[in-house]
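Please read the structure below before turning to the comments.
The values are calculated or read from the model by the stated rules, or taken from the named source; none is laboratory data. The shown structure was predicted, so the numbers you read here are calculated from the model rather than taken from an experiment. Cβ coordinates were reconstructed from backbone atoms using ideal geometry, including for glycine residues, and neighbour counts include every protein chain displayed.
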Amino acid sequence: IVASCTVPNTVALTFDDGPWVYLNDIATTLKNANATGTFFFIGCIYDEGGVNRVKFAYENGHQVASHTWSHKDLAQLGWDQINDELWRIDDALMKIVGVTPAIMRPPYGSFNDQVVQAVRSRSQTLVIWDFESADSIAGASAENSKNQYDQVIGRHPNTILTLNHETSGEHQVLPYAIQKLQAAGYRLVSVAECLGIQPYQKVSAPSARDVSF
């Protein structure tokens with residue numbers, strides 16, 4: 001279980017629950033700032049637009065990772081259900097972009113011993129976070145998220161592993177966060193790079209879409 005980066009002076013900007021319509025703007029903003037993001041995708045919104053957004057993130061150099069198939073609380077599920085949630089998203093990502101993620105994040109950051117065992121059985125790393133921008137809280141504002149970033153940058157920890165979401169307010173928050181973090185001397189990298197591990201267990205050619213997603 002990983003809750004923080006290990007490579008000094010790194011920040012991992014991560015985005016949960018996509019692929020939503022804001023993804024391309026987020027991915028482009030990151031790339032234009034020479035920053036790499038990590039997108040923890042769910043599988044149950046893979047319409048054609050969603051598939052294309054997953055491809056866009058991957059093809060622009062960002063890390064794609066597992067956030068399970070349907071965003072259920074894994075700690076409330078049985079063994080077979082947990083493994084189905086993990087397998088289905090990995091299978092979809094292999095078909096869409098040709099990779100099997102090396103990391104996953106459980107929805108709501110919720111897990112128990114059985115979830116940890118299931119993730120380990122897939123030789124994946126369970127990743128949570130040590131900083132939350134609070135962008136998914138009901139009534140959350142861009143200004144509040146900016147303040148959260150100001151506070152953590154003011155403390156200047158050695159590393160930061162963030163939790164963000166693909167929200168409409170991100171177009172205001174992300175450029176601000178990038179500028180402040182880079183000005184503070186941090187390198188904005190993928191989760192894999194901030195941990196010094198490989199991003200994917202397997203990389204191959206994507207396959208044609210079929211009825212499974």
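Of all residues in the stretch 87-105, those that are in contact (Cβ under 8 Å) with a residue 24 or more places away in the chain have Cβ atoms under 7 Å from Cβ atoms of residues that are of a type in the set (Ser, Thr, Tyr) and part of a helix (DSSP H, G or I), 6 or more apart or on another chain, in Val97/Tyr58. You will find that of Val64, Val116, the residue that is β-branched (Val, Ile, Thr), farther than 18 Å from Asp17 by Cα and either in contact (Cβ under 8 Å) with a residue 60 or more places away in the chain or assigned to a strand (DSSP E or B) (or both) is Val116 and no other.
Here Gly50 fulfils each of the conditions (1) within 25 Å of Ala205 (Cβ to Cβ); (2) surrounded by 15 or more Cβ atoms within 10 Å (Cβ to Cβ); (3) at pLDDT 95 or above apart from (3). Of the residues making up the stretch 8-42, those that are under 18 Å from Ile153 (Cβ atoms), in a loop (DSSP other than H, G, I, E, B) and touching a Lys or Arg at 6+ places or on another chain (Cβ under 9 Å) number 2.
Can you say whether Leu126 is in contact with a helix residue (DSSP H, G or I) (Cβ under 8 Å, 6 or more places away or on another chain), farther than 25 Å from Asn52 by Cα and outside any strand (DSSP E or B), as far as the supplied structure shows? For Leu126, the condition - in contact with a helix residue (DSSP H, G or I) (Cβ under 8 Å, 6 or more places away or on another chain), farther than 25 Å from Asn52 by Cα and outside any strand (DSSP E or B) - is not met.
Could you check Glu143 against (1) part of a helix (DSSP H, G or I); (2) buried (at least 17 other Cβ atoms within 10 Å of the Cβ); (3) of a type outside the set (S, T, N, Q); (4) more than 17 Å from the chain's Cα centre (by Cα) and say which number it fails? Single failed check for Glu143: (2).
Restricted to the stretch 159-202, and to residues that are of a type in the set (Val, Ile, Thr) and assigned to a helix (DSSP H, G or I), which residue is surrounded by the most Cβ atoms within 10 Å (Cβ to Cβ)?
Among those residues, the one meeting the criterion is Val191.
Taking the condition of being farther than 18 Å from Glu132 by Cβ and either touching a strand residue (DSSP E or B) at 6+ places or on another chain (Cβ under 8 Å) or at pLDDT below 95 (or both), how many residues in the stretch 176-203 meet it? Counting residues in the stretch 176-203 that are farther than 18 Å from Glu132 by Cβ and either touching a strand residue (DSSP E or B) at 6+ places or on another chain (Cβ under 8 Å) or at pLDDT below 95 (or both) gives 13. If you filter the stretch 73-106 down to residues that are over 19 Å from Asp17 (Cβ atoms) and among the small types (Gly, Ala, Ser), you find that the one that is surrounded by the fewest Cβ atoms within 10 Å (Cβ to Cβ) is Gly78. Can you find a residue in the stretch 147-158 that is at pLDDT below 95, surrounded by fewer than 21 Cβ atoms within 10 Å (Cβ to Cβ) and basic (Lys, Arg)? No, the stretch 147-158 has no match at all. Restricting to the stretch 16-25, name every residue that is in contact with a helix residue (DSSP H, G or I) (Cβ under 6 Å, 6 or more places away or on another chain) and closer than 19 Å to Ala102 by Cα. Within the stretch 16-25, just Pro19 meets the criteria. Every listed requirement among (1) surrounded by fewer than 18 Cβ atoms within 10 Å (Cβ to Cβ); (2) assigned to a helix (DSSP H, G or I) is met by Ser70 save one, (2).
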